[in-house]
1. If you go through the range 161-183, how many residues are in a loop (DSSP other than H, G, I, E, B) and either out of contact with any helix residue (DSSP H, G or I) (no Cβ under 7 Å at 6 or more places or on another chain) or β-branched (Val, Ile, Thr) (or both)?
2. Only one residue in Gly184, Gly210 is at pLDDT below 95, within 26 Å of Tyr86 (Cα to Cα) and over 17 Å from the mean Cα position of the chain (by Cα). Which one?
3. Out of all the residues in the range 100-127, which are more than 25 Å from Ala71 (Cβ to Cβ), surrounded by fewer than 19 Cβ atoms within 10 Å (Cβ to Cβ) and touching a Ser or Thr at 6+ places or on another chain (Cβ under 8 Å)?
4. Has the range 192-205 got any residue that is over 20 Å from Ser98 (Cα atoms) and either part of a loop (DSSP other than H, G, I, E, B) or charged (D, E, K, R) (or both)?
5. Being out of contact with any His (no Cβ under 8 Å at 6 or more places or on another chain) and under 22 Å from Asp205 (Cα atoms) is true for just one of Gln95, Gln107. Which residue is that?
6. What residue, of Thr88, Thr92, is at pLDDT 90 or above and in contact with an Asp or Glu (Cβ under 6 Å, 6 or more places away or on another chain)?
7. Exactly one condition in (1) in a strand (DSSP E or B); (2) surrounded by fewer than 19 Cβ atoms within 10 Å (Cβ to Cβ); (3) acidic (Asp, Glu) is not met by Glu90; state its number.
8. Is the range 144-160 home to any residue that is more than 28 Å from Asp65 (Cβ to Cβ) and part of a helix (DSSP H, G or I)?
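The values are calculated or read from the model by the stated rules, or taken from the named source; none is laboratory data. None of the values given here were measured: they were computed from a predicted structure. Because the Cβ atoms are built from the backbone with ideal geometry, glycine has one as well, and the counts that use them run over all protein chains shown.
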Amino acid sequence: MKKQGKIITGAVSGVAVLGLAAWGIGMAGAASSTEWELPGDLVAGPAAAEVDPSTGTEVKIDKFDNVQKKAGEKAGLVDEKTNKSYFTIEVTNSQLLSRCDARVGNQSLSPMRTKFLVLDVEATLAASVSDKAAGGSKELFMPLVAEAFSVTTSAGSPDRNVTSETAWGCFDDSVLLPPVVNPGQTVKGKVVLDVDALKGQVAYDPEDNGGWSWPYGG
């Protein structure tokens, strides 16, 4: 699917294009520049604040520029002056499954790789984000499609090939995460990935240049 509009991209501590500091991450973006329109004047390179302003704890970044979060720990973007949150995302739970109930019909589906990685995700985009991003609220969104996620393999390399026809066919629409979160919305639901690695990190990293990551698989 395609959705035209602007998204929040880029945040650097102290000199962010949007005046935002990274709260556990240095960027937020779109699934790809070919599917999601990115306004060039909103883009900044990925960089994270050294300390989480909400907790005062050190921010840890892996070699893929993903800020590492604990299981169930929230991440997001805050205004570095007011400490007000504009976008948050959280993987509240993760589960590896050998089969899933089909979205349509009564059959069950099997992964095309090793397991389905089912994520319970909650995300919020503040209504006031348009004040920072210089655009109408109807033009702003953050993508939440499966393509915005990746996993770290057992070899330690990122794997963005986590979608499949069967993963897309899992579960009823009523329990799935919507494809985007718009200003003023809080959304939650399931995202289904099709993975080979049974243990590692799952990252929300829409532009493949740094994001947030959470552990999965025990």
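1. Going residue by residue through the range 161-183, those that are in a loop (DSSP other than H, G, I, E, B) are 161-164, 169, 171-172, 177-179, 182-183.
Remaining after also requiring either out of contact with any helix residue (DSSP H, G or I) (no Cβ under 7 Å at 6 or more places or on another chain) or β-branched (Val, Ile, Thr) (or both): 161-164, 169, 171-172, 177-179, 182.
Final tally of qualifying residues: 11.
2. Numbers: Gly210 fails: over 17 Å from the mean Cα position of the chain (by Cα).
Criteria check complete, one pass: Gly184.
3. Once the filter is applied, which keeps residues that are more than 25 Å from Ala71 (Cβ to Cβ), surrounded by fewer than 19 Cβ atoms within 10 Å (Cβ to Cβ) and touching a Ser or Thr at 6+ places or on another chain (Cβ under 8 Å), the range 100-127 yields Ala102, Ser110, Met112, Ala127.
4. Yes, some residue in the range 192-205 is over 20 Å from Ser98 (Cα atoms) and either part of a loop (DSSP other than H, G, I, E, B) or charged (D, E, K, R) (or both).
5. Working: Gln107 fails: under 22 Å from Asp205 (Cα atoms).
Going through Gln95, Gln107 in turn, the sole match is Gln95.
6. Working: Thr88 fails: in contact with an Asp or Glu (Cβ under 6 Å, 6 or more places away or on another chain).
One residue alone meets the criteria, Thr92.
7. The failed condition is (2).
8. Here is the first cut: in the range 144-160, the residues more than 28 Å from Asp65 (Cβ to Cβ) are none.
No - not one qualifying residue is present in the range 144-160.
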